[in-house]
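For reference, the structure is listed below as structure tokens.
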Amino acid sequence: MNITRENIDELNGQIRLTIEKNDYQTNVEDVLKDYRKKVNMPGFRPGKVPAGLVKKMYGKSIVVDEVNKLISSELSKYMVEEKLDILGEPLPSDDQPEIDWETQEDFEFIFDIGYAPEVAVKFDKRNKFAYHTIKVADSMIDEQVNAYTNQHGENVPADVVNNDETVRGDIAQLDAEGKVVEDGLSAEMALISVAVIKDEEIKKLFEGKKVGDEVVFDLSKAYPNETELSYLLNIEKEAAAEVSGDFKIEIKEINKFVPAEINEDFFKKLYGEETEIKDEAAFRSKIENEIKTAFTPSSDYKFTLDVRDTLVSKANLEFPEAFLKRWLVATNKEITAEQIEKDFENFLADLKWQVIKENIIKDNELKVEDSELVELAKEVAAAQFRQYGMFDVPAEHLDGFVQQMLSKDDERSRLYQKAMEDKVVEVIKSKVTVEDKETTKEEFDAFFANK
């Protein structure tokens with residue numbers, strides 16, 4: 001066996017691999033012996049099929065398999081030993097001579113390779129980057145306070161219907177004369193929210209009504225959405241499309257939603273019995289910090305994008321573009337060459353950043369430990385729970401969720417990539433000048449409007 005490499009230019013090369021019969025023959029004979037033990041053929045006892053017959057039937061496919069195994073292992077070993085920094089994977093070359101598996105015993109294989117460019121990006125304190133933090137407006141705090149109080153609010157009985165009450169009562173279909181239709185559509189203790197009634201005139205019919213009063217109204221005008229109507233009457237959506245005319249509701253219950261009162265009991269429900277929040281001022285201060293924390297990943301992302309764009313532009317990297325396009329076509333069967341051509345500039349920008357990151361990782365010997373993955377997974381899980389207003393998640397529940405995340409290969413890989421990129425960005429932060437800049441949410445959203 002012989003393997004050689006030729007550099008075509010600074011970005012492209014070829015690997016030639018010569019495989020002779022004695023490189024694979026022993027393996028082929030061992031596989032043939034194993035086949036002979038297992039093959040079943042009429043007229044022969046198991047394990048007694050003539051070796052020549054087995055070879056005639058399976059020899060060619062076994063040679064192909066064993067040669068391909070040798071190609072894979074030898075290429076991998078060679079690239080490791082030679083410390084080749086290549087992009088993608090070796091591709092069969094257009095210069096590859098045709099193989100005749102029936103007659104040939106020695107083979108030559110030619111592979112094209114694309115080299116990763118050398119990176120020489122330098123940055124120091126003269127490089128300045130803004131780190132945008134969100135200015136938390138009072139309106140943002142008010143919005144979150146309302147969300148929490150509504151989340152822990154409750155329905156309480158009310159005497160009269162206004163605009164934001166809900167009523168429960170028995171609904172019955174009426175005929176043209178205003179009488180209840182026998183065996184018509186009906187629903188017992190149906191729930192109607194006056195605020196979501198679509199017709200303003202119908203809303204006014206409910207105002208001032210009390211328990212025991214009746215309201216006659218066009219149900220399909222009040223709820224033109226077939227899904228809402230089917231849910232209200234407990235009928236199929238198709239049947240709801242045919243509903244028309246007046247219905248009567250006899251009001252049996254009126255409730256008004258009351259947001260939770262802001263007091264110590266509310267703080268304990270929200271943050272747990274051991275919370276240090278005792279008054280509204282401390283509550284609003286905590287919410288302000290929560291909002292800042294929630295926006296931290298976005299601030300980090302914006303900083304990373306700015307760093308990426310600057311370093312990619314500064315590096316002025318060149319790539320073996322023709323090779324990369326071939327590789328993308330070969331490894332993404334569902335994507336056409338036209339699609340790759342269209343999106344190639346975006347792919348190239350991502351690849352440039354990846355090469356720069358790998359260089360920083362190598363130069364600074366960065367590693368992600370398992371314990372760091374666990375901590376990152378906890379942060380991600382806790383953030384997901386906070387989105388649903390769950391701040392006091394038991395440790396065992398959180399740990400179980402984290403283990404579930406890390407047990408999935410794609411999720412673990414995503415967390416690893418995030419942790420490693422965070423380390424790369426921290427290295428960059430330590431070497432450049434970072435200028436904190438407070439930004440409104442509207443200004444911050446505008447940064448990503450065209451991304």
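The values are calculated or read from the model by the stated rules, or taken from the named source; none is laboratory data. If you're wondering where the values come from, they're calculated on a predicted model, not measured in any experiment. Cβ sites come from the backbone with ideal geometry, for glycine too, and all protein chains shown count toward neighbours. Remember, those area values only see protein heavy atoms, side chains included, never the ligands or the DNA or RNA. Shrake-Rupley method; radii C 1.70, N 1.55, O 1.52, S 1.80 Å.
Diffusion coefficient of the range 315-405 by Stokes-Einstein, Kirkwood radius over Cα pairs, 25 °C, 0.890 mPa s: 144 µm²/s.
For the chain, calculate the relative contact order in percent as a whole number, restricting contacts to Cα pairs under 8 Å that are 6 or more residues apart. Computed over the chain, the figure is 19 percent. Compactness of the chain is given as radius of gyration and Dmax, 35.3, 100 Å, from Cα positions.
Sequence-ordered 3J(HN,Hα) estimates for the range 368-385 from the Karplus curve with 6.51, -1.76 and 1.60 and θ = phi - 60° stand at 10, 7, 4, 4, 6, 5, 4, 5, 5, 4, 5, 4, 5, 5, 4, 5, 5, 5 Hz, glycine and proline given as x. Computed over the range 25-137, the quotient of the alpha carbon radius of gyration and 2.2 N^0.38 Å is 1.99.
Under 37 °C and 0.692 mPa s, how fast does the range 134-266 diffuse according to Stokes-Einstein, given a Kirkwood radius computed over C-alpha pairs? Answer in µm²/s, whole number. Walk me through the numbers before you get to the answer.
On the way: Rh = 16.5 Å.
It diffuses with D of about 199 µm²/s by this estimate.
Based on the Cα coordinates of the range 162-218, what is the per residue volume of their convex hull in Å³?
Details: hull volume 5.2 nm³, N = 57.
Value for the range 162-218: 92 Å³ per residue.
Between residue 246 and 174, the built amide H atoms are under 5 Å apart, and every one of these is 5 or more places off in sequence or on another chain.
Averaging 1/r over each pair of different alpha-carbon atoms in the range 130-182 and inverting the result gives 16.4 Å, the Kirkwood hydrodynamic radius. Pairs of C-alpha atoms in the range 105-146 farther apart than 11 Å represent 83 percent of all such pairs. Think of a 1.4 Å ball rolled over the protein heavy atoms: the chain then has 62 Å² of accessible area per residue.
The orientation-averaged projection of the convex hull spanning the C-alpha atoms of the range 341-451 amounts to 10.4 square nanometres.
Computed over every Cα-Cα pair of the range 208-306 and binned at 5 Å starting from 0, the pair-distance distribution P(r) comes out as 2, 10, 11, 10, 9, 7, 6, 10, 14, 13, 6, 2, 1, 0 percent. Within the full protein context, the accessible area of residue 363 is estimated at about 110 Å² for a probe radius of 1.4 Å. For the chain, the share of accessible area belonging to carbon and sulfur comes to 46 percent (1.4 Å probe, ligands and nucleic acids excluded). Round to a whole angstrom and tell me the spacing of the C-alpha centers of the range 217-276 and the range 290-310. After rounding, the separation between the Cα centres reads 39 Å.
Around the amide H of residue 152, modelled in the peptide plane, lie the amide H atoms of 260, all under 5 Å away and 5 or more residues distant in sequence or on another chain.
In debye, nearest 20, what is the charge dipole magnitude of the chain about its Cα centre with +1 on Lys and Arg Cβ and -1 on Asp and Glu Cβ, if you could check? Could the numbers behind the result be given before it?
Values: 61 positive and 98 negative charges, 345 e Å.
Rounded to the nearest 20 debye, it is 1660 debye.
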